[in-house]
Structure formats: C-alpha cells, structure tokens
Amino acid sequence: MLVKFDQSIHDPFIVAEMIYDTDPQINQIIFGTRKIGISQIMKLVTSKDTFYATPYLHIIENNKTIAGIVSSYPIKDKAKLTYAVGKAYFHLFGGKEFIRKMPYLLKLNRLFNGKTDHNGYYIVYLFVQENQRRQGLAAQAIYELSEMWPTIYLHVAKENKSAIMFYENNSFTKIRESKVAFENEDVEAYLMRRISKK
C-alpha cells in the first residue's frame with residue numbers, strides 16, 4: 001500500500017538508502033560514494049518541493065514497515081520540479097561543486113529525456129527492499145498509480161535486465177533508448193511506457 005512519506009513516522013535514513021540503491025550508478029555520478037550520497041539524499045528527503053520529498057515521495061508499506069519507496073510526479077510538473085531540484089542541488093553541493101557537477105547533470109537530463117504525454121505520470125524511483133521482494137508489492141504500487149494515471153513513464157538502466165523484465169511483465173514497453181558518456185563509461189537507459197486499458 002502506498003502512503004505519503006512522513007519524516008515523523010518513516011525513517012529518513014532508510015528512505016535515503018533505498019533512493020540511492022535504486023540506481024547506484026547514476027546516484028554515484030550525482031552524489032558520490034554511497035555513504036556520502038545517503039547523507040545528502042537525507043537532506044533532500046527532509047526538505048520540500050522536489051521529487052525527493054512529500055508530496056512526490058511515497059512509501060510502500062507492508063505490515064506497517066517500510067518495504068519500499070516510489071518517487072513520482074505528474075509530467076505537467078516536470079519543469080517546476082527540474083528547477084526545484086536544480087536549486088536544491090545548488091544549496092546541497094554549494095556553488096563551486098554545483099558548477100563542477102553541471103556537465104554531468106546536463107548529460108543526465110539528456111539521458112532521462114524523451115517524448116512523453118503531458119497528461120502522463122513519471123516514476124523517478126521505484127525500489128523494494130530485498131527481503132520484501134517477490135510479494136507483488138512493486139506491481140501493486142504500479143497498479144495504484146495507474147488507477148489515477150492511465151499513462152505512466154519511467155527510465156530503466158539498459159543493463160538492469162531483471163528490472164526491464166519486471167516492467168515488461170507489468171505492461172510497460174520500451175519506447176526510446178538513450179546513451180551518454182561519462183568520462184570512460186557509457187550510461188544507457190530505456191524510456192518505458194505503460195498505458196492502462198480501461
């Protein structure tokens with residue numbers, strides 16, 4: 001069951017760990033090592049106005065425990081959130097570090113772009129704790145979102161075969177492939193879309 005993240009109830013450290021672990025490759029580019037990244041994401045989770053925090057951050061609960069997280073937003077809010085996240089990064093990293101990271105952030109923006117329906121919904125992060133997997137929790141979260149938003153988009157790393165299979169089994173299809181180079185490493189992703197048949 002999806003519930004809005006509430007830092008007075010849900011442990012921000014656990015939530016930040018899950019956000020980082022959703023895509024360690026990308027999050028290392030943005031935040032650095034896992035330890036540093038989790039502490040920085042905790043600051044974002046407990047702030048506001050970005051997809052790292054309420055109202056865009058939801059908890060997947062199972063038996064009153066944090067089983068996973070979903071960060072998502074209506075695509076019509078994308079420009080506002082892109083600006084808010086950029087501003088949050090600037091405050092988080094400081095001016096010099098933000099400017100140093102700017103080329104990477106711009107490349108990530110290109111990687112995670114693609115034509116989407118303005119009335120659709122976009123999933124930034126979807127993660128279920130390893131000990132809570134294979135119970136249908138992620139599929140249930142997608143179903144709950146699809147009840148409100150018939151068209152849902154997300155990006156998934158091309159090398160993440162198990163995630164791609166999961167999304168395909170939950171009615172997502174690949175609609176675009178993108179690739180950017182970070183120093184000596186290529187990062188590739190698929191834009192996937194799910195259209196509910198109602």
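Quick look at the values:
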| quantity | calculated |
| --- | --- |
| Flag for K35 being of a type in the set (D, E, K, R), loosely packed, with under 15 Cβ neighbours inside 10 Å and over 19 Å from Y153 (Cα atoms) | yes |
| Subset of the range 10-57 (residues that are touching a residue at least 24 places away in the same chain (Cβ under 8 Å), outside any helix (DSSP H, G or I) and among the β-branched types (V, I, T)) | T46, T50, T54 |
| Test: residue in the range 117-138 that is closer than 21 Å to Y52 by Cβ and surrounded by fewer than 16 Cβ atoms within 10 Å (Cβ to Cβ) | no |
| Within the range 146-178, tally of residues that are within 17 Å of the chain's Cα centre (by Cα), part of a loop (DSSP other than H, G, I, E, B) and over 18 Å from Y125 (Cβ atoms) | 0 |
| Which listed residue, of Y104, Y143, is touching a residue at least 40 places away in the same chain (Cβ under 8 Å) and either outside any loop (DSSP other than H, G, I, E, B) or more than 25 Å from Y190 (Cβ to Cβ) (or both) | Y104 |
| Residues of the range 169-196 that turn out to be under 19 Å from T116 (Cβ atoms) and either of a type in the set (S, T, N, Q) or free of Cβ contacts under 8 Å to residues at least 24 places away in the same chain (or both), as a count | 8 |
| Test: residue in the range 127-138 that is at pLDDT 95 or above, under 23 Å from R194 (Cα atoms), in a helix (DSSP H, G or I) and aromatic (F, W, Y) | no |
| Selection count where residues are assigned to a strand (DSSP E or B) and over 17 Å from the mean Cα position of the chain (by Cα), scope the range 179-198 | 7 |
| Flag for G86 being modelled with pLDDT under 90 and small (G, A, S) | no |
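The values are calculated or read from the model by the stated rules, or taken from the named source; none is laboratory data. Not measured: the values here are computed from a predicted model. In this analysis, Cβ positions are derived from the backbone assuming ideal geometry, glycine residues included, and neighbour counts consider all displayed protein chains.
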